[in-house]
Each structure stands twice: as C-alpha cells, then as structure tokens.
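Okay, structure first, notes after.
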Amino acid sequence: MSRFPILRFAPSPNGELHLGHAYSALYTAAKARELDGRMLVRIEDIDWLRCKPAYAAQIFEDLAWLGLEWPEPVWRQSKHMAAYTTALDRLDRLRLLYPCFCSRKQIAERAKNHDPDGAPLYAGSCRLLTSADRMKRMVAGEPYALRLDMRKAMVAGGRGITFMEQGEGETGRLAIAPERWGDVVLARKDIGTSYHIAVVVDDAAQGITHVTRGQDLFAATDIHRLLQVLLELPQPVYCHHRLIGDEAGRKLSKSADDRSIRSLRDLGVTPQEILQELGF
Ligand code: GLU
C-alpha cells in the first residue's frame, strides 16, 4: 500500500538561509507538487549551543518570501529530545552502544583514516575498555559520547540493506556501506543526542515518505538506513539534490560571501530572480 507523500525541508537554525537552503526548500516543494503530496518544515535545533530562535524566525520569513507554504505547527526537534533518548536506550539494550571518553585531540592523533565527511575516523580505543573501567569513569563524572559499535550493528542489521534513491545523481536501489563511518557518535558529549538519531526518529514519527536533501548528506544515508533497520522504522525514498556553490551566489549578489537570502533581499533581489537563477 503506498502512503500519502510527505516531504520535509529540515533546516538547522544556526545561521541564515543561503541559496543552497533555498534550492533545497524549492526542490522539496517542487517534488511534493509532483507527487501530489505535502511539504512540512522541520526545525532541527538539537544543538542548543549553536541554534537561535531568531534564526528560526528568519528562516520562516525567508521561506514565505520565496512563496512557500507549510502546515503549522512546525516540528521542532528540541521538543522531542525524549524520543531520541528512547531510541538510544533501545540500541543500548541491543548492546550496540558504548561510551567514548576520548577528546577531539586524542581522536585525531589516533586516526589512521577519514570518514566520508573528511573527519578523522575513530580508531575504536574506548570500544576496548573493560566494563569496570567504563563504570569507574562514568561514576567519576567524566563526560562521554555514545558510539555505535559498527561491526556489531552491521551483524544485527543483517546483510543486503539498500535504499531507493530518486534524486539528481545516481538513482535506483543502492547498497549501503556504513562501515566507512566507523563507530559513529549517536549521542554527542555536549547535547546527549545526534543528528543521525534525531533525523531517523523524526522522519518516522512524521511519516516522511521522501527525504529530500543535499548531496552532502548522501553518504550519511548509510547510517540512517542501518538505524532504521535496527530500530524497526519504515524506510523513506531518498532524493539527494545538487549543491549550490559559489557560482550562483556570485551571479546574484555583489560579493561572494554575501549570499544569505536576507542579504540578497537587502540588495533588492526579487524572489522571482532567485527562483529563476536556481532553475525553478
Ligand atoms: N538539518 C540538516 C541541514 O540543515 C538537514 C538534514 C536532513 O535533511 O536530513 O543540513
């Protein structure tokens, strides 16, 4: 049975919207129209150290200025932290998580490789700690992140996990390779959760059928599909779109680093010009 198409534009309010975000929002709205579905807006504000309500307000204003509409109330991740903790607890009960006490510096020094985002690949040092050691350090109040034991998770998830890609790059049913991410962090030291956990929990909770987002998150889909299998969540279709680089920005605005929608509006650029420049 096919589900009613629900798509989402999910910005993080940690800065102003840029042309890349505008493209993502317009792409999502166009896809929703094409599928005869609906576009939701979701505010991804789990990172209270960097997200600001003023940015969220600016995002809504810019989206409306671009001519977009979405149903209210808007889902804000900061209001759903308990659901992310529940998902983490479930993975913990499956014995797929372990605490990691390493500092950034230690991680970088011990890394022999990089993950698909170019960050140092975690060497797994804390995976080898004894439970007594872990307990001692946790009781002493040492801060820790929770990492997914990738080898165990892949065994638990089973072979042959794939996803359906219908975006602007390679399309079709694609295989995942989550091992290239190593033991990813699923609960950050500072905020107690992570983008990966929040995104899969919310996409399921909101009944998202099509995940539209930039190509920069293509490789992260490996982690998301594995988590969906482990947490028994439905799988959406993925539509990764091209990224808008400096070129479009330079054409539209006077200086290359002055590309926020806000600044383009201040320069007198119209929504029609932006839509046209982005190919809508
Ligand atoms: N919040 C993410 C961003 O602003 C998007 C996450 C997603 O679409 O999966 O890049």
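Coordinate-derived values only; no laboratory data. Fair warning: this is a prediction, and the values are worked out from it, not measured in the lab. Cβ: placed from backbone, ideal geometry, glycine included. Neighbour counts: every protein chain shown.
Filter the range 1-23 down to the residues that are part of a strand (DSSP E or B) and in contact with a helix residue (DSSP H, G or I) (Cβ under 6 Å, 6 or more places away or on another chain), then identify the one that is farthest from the ligand (Cβ to nearest atom). Only one residue fits best here, namely Leu7. Go through (1) within 16 Å of the ligand (Cβ to nearest atom); (2) of a type in the set (Gly, Ala, Ser); (3) surrounded by fewer than 21 Cβ atoms within 10 Å (Cβ to Cβ) and name the single condition Gly167 misses. Against the list (1) within 16 Å of the ligand (Cβ to nearest atom); (2) of a type in the set (Gly, Ala, Ser); (3) surrounded by fewer than 21 Cβ atoms within 10 Å (Cβ to Cβ), Gly167 comes up short only on (3).
Tell me, yes or no, whether the range 42-62 has at least one residue that is within 23 Å of Pro234 (Cβ to Cβ), within 16 Å of the ligand (Cβ to nearest atom), surrounded by 19 or more Cβ atoms within 10 Å (Cβ to Cβ) and free of Cβ contacts under 8 Å to residues at least 40 places away in the same chain. Within the range 42-62, one or more residues are within 23 Å of Pro234 (Cβ to Cβ), within 16 Å of the ligand (Cβ to nearest atom), surrounded by 19 or more Cβ atoms within 10 Å (Cβ to Cβ) and free of Cβ contacts under 8 Å to residues at least 40 places away in the same chain.
If you go through the range 24-40 and pick out every residue that is out of contact with any helix residue (DSSP H, G or I) (no Cβ under 7 Å at 6 or more places or on another chain) and within 12 Å of the ligand (Cβ to nearest atom), you end up with 4.
Looking at the range 139-157, is at least one residue within 30 Å of Phe4 (Cα to Cα) and either more than 20 Å from the chain's Cα centre (by Cα) or more than 16 Å from the ligand (Cβ to nearest atom) (or both)? Yes, there is a match, as at least one residue in the range 139-157 is within 30 Å of Phe4 (Cα to Cα) and either more than 20 Å from the chain's Cα centre (by Cα) or more than 16 Å from the ligand (Cβ to nearest atom) (or both). If you go through the range 195-210 and keep only what is near the ligand (Cβ under 9 Å from one of its atoms) and hydroxyl-bearing (Ser, Thr, Tyr), you end up with just Tyr195. In the range 211-223, the residues that are more than 8 Å from the ligand (Cβ to nearest atom) form Cβ pairs under 6 Å with partners that are not in a loop (DSSP other than H, G, I, E, B), at six or more places apart or across chains, as follows: Gln215/His240; Phe218/His240; Thr221/Phe163; Thr221/Tyr238; Asp222/Pro178; Ile223/Pro178; Ile223/Trp181; Ile223/His196.
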